[in-house]
1. Which of rounded, prolate, oblate describes the chain, given a ≥ b ≥ c as roots of the alpha-carbon gyration tensor eigenvalues and a/c under 1.5 marking rounded, otherwise prolate only if a/b is larger than b/c?
2. Take GLN46 and ASP32, extend 7 Å from each Cα along the Cα→Cβ direction, and tell me the distance between the two endpoints in nm.
3. On a C-alpha basis, how far is the centre of the range 129-161 from the centre of the range 14-62 in Å? Whole number, if you could?
4. Dipole size in debye (nearest 20) for the chain around its Cα centre, Lys and Arg Cβ +1, Asp and Glu Cβ -1?
5. Could you please state how large a percent of the accessible area of the range 104-159 is carbon and sulfur, counting protein chains only and using a 1.4 Å probe?
6. Given SER109, ASN61, LEU152, which one lies farthest toward the positive end of the charge dipole of the chain, if we put +1 on the Cβ of every Lys and Arg and -1 on the Cβ of every Asp and Glu?
7. Among PHE141, THR124, ASN98, whose Cα sits farthest toward the positive end of the charge dipole of the range 92-161 (+1 at Cβ of Lys/Arg, -1 at Cβ of Asp/Glu, about the Cα centre)?
8. How many Å² of accessible area per residue for the chain, probe 1.4 Å?
Amino acid sequence: MAEELQINAENKEGKYIELLPQVKGLINGEADEIANMSNLCAALKQTFNFLWVGFYLVKSNQLVLGPFQGPIACTRINYGKGVCGKAWELQKTLIVPNVDEFEGHIACSSLSKSEIVLPIFNSTHQLIGVLDVDSEFLNHFDTIDENYLTKLVSLIFTNNA
Ligand code: SME
């Protein structure tokens with residue numbers, strides 16, 4: 001395992017392109033999903049300095065806080081609630097350019113202005129959790145983030161669609 005991430009690109013896609021094989025290297029040979037989710041959060045926080053990046057995992061019909069980096073966050077989210085619960089209900093990625101315009105947004109931090117939430121599926125296509133990334137800037141996420149975050153998550157949950 002490399003001791004440090006090496007990211008030299010200046011632009012977002014370049015950073016993701018450099019990050020991808022390094023995260024692959026980190027995750028290769030480690031089967032523990034909690035360990036891998038933790039390192040992915042750290043790698044994303046370190047590379048992009050996102051306000052908050054973390055996982056919520058489905059447990060007893062709620063999303064429960066998993067590995068994350070950033071300020072403390074709400075621990076449980078109900079089905080259909082907030083952006084995370086809505087991504088769970090709709091089973092699709094949600095990009096929210098302005099959280100104040102998203103009905104039912106759960107404000108864990110007043111600094112959060114935009115976010116992206118990706119669903120995570122297991123090998124039998126059951127939704128097992130979400131990846132939530134928050135920014136203190138409006139309109140911070142687009143399909144480049146969706147594309148690479150999907151690839152990064154699929155390194156951990158190899159059967160992720
Ligand atoms: N923004 C989320 C809640 C989780 S925190 O932001 C970490 C939502 O509305 O689903």
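The values are calculated or read from the model by the stated rules, or taken from the named source; none is laboratory data. Because the structure is a prediction, the values reported are computed rather than measured. Neighbour counts are summed over all protein chains in view; Cβ atoms, including those assigned to glycine, are modelled from backbone coordinates with ideal geometry. Surface areas here come from the heavy atoms of the whole protein model, side chains and all, with no ligands, DNA or RNA. Shrake-Rupley method; radii C 1.70, N 1.55, O 1.52, S 1.80 Å.
1. On the way: a/c = 1.70, a/b = 1.21, b/c = 1.41.
The shape class here is oblate.
2. Output for this residue pair reads 1.8 nm.
3. Spelled out, the Cα-based centre of one part sits 10 Å from the other.
4. Details: 11 positive and 19 negative charges, 83 e Å.
With Lys and Arg at +1 and Asp and Glu at -1, about 400 debye.
5. Details: 1280 of 2480 Å².
Ligands and nucleic acids excluded, carbon and sulfur give 52 percent.
6. Checked the options; the winner is ASN61.
7. My answer, from the dipole projection, is THR124.
8. Ligands and nucleic acids excluded, the result is 52 Å² per residue.
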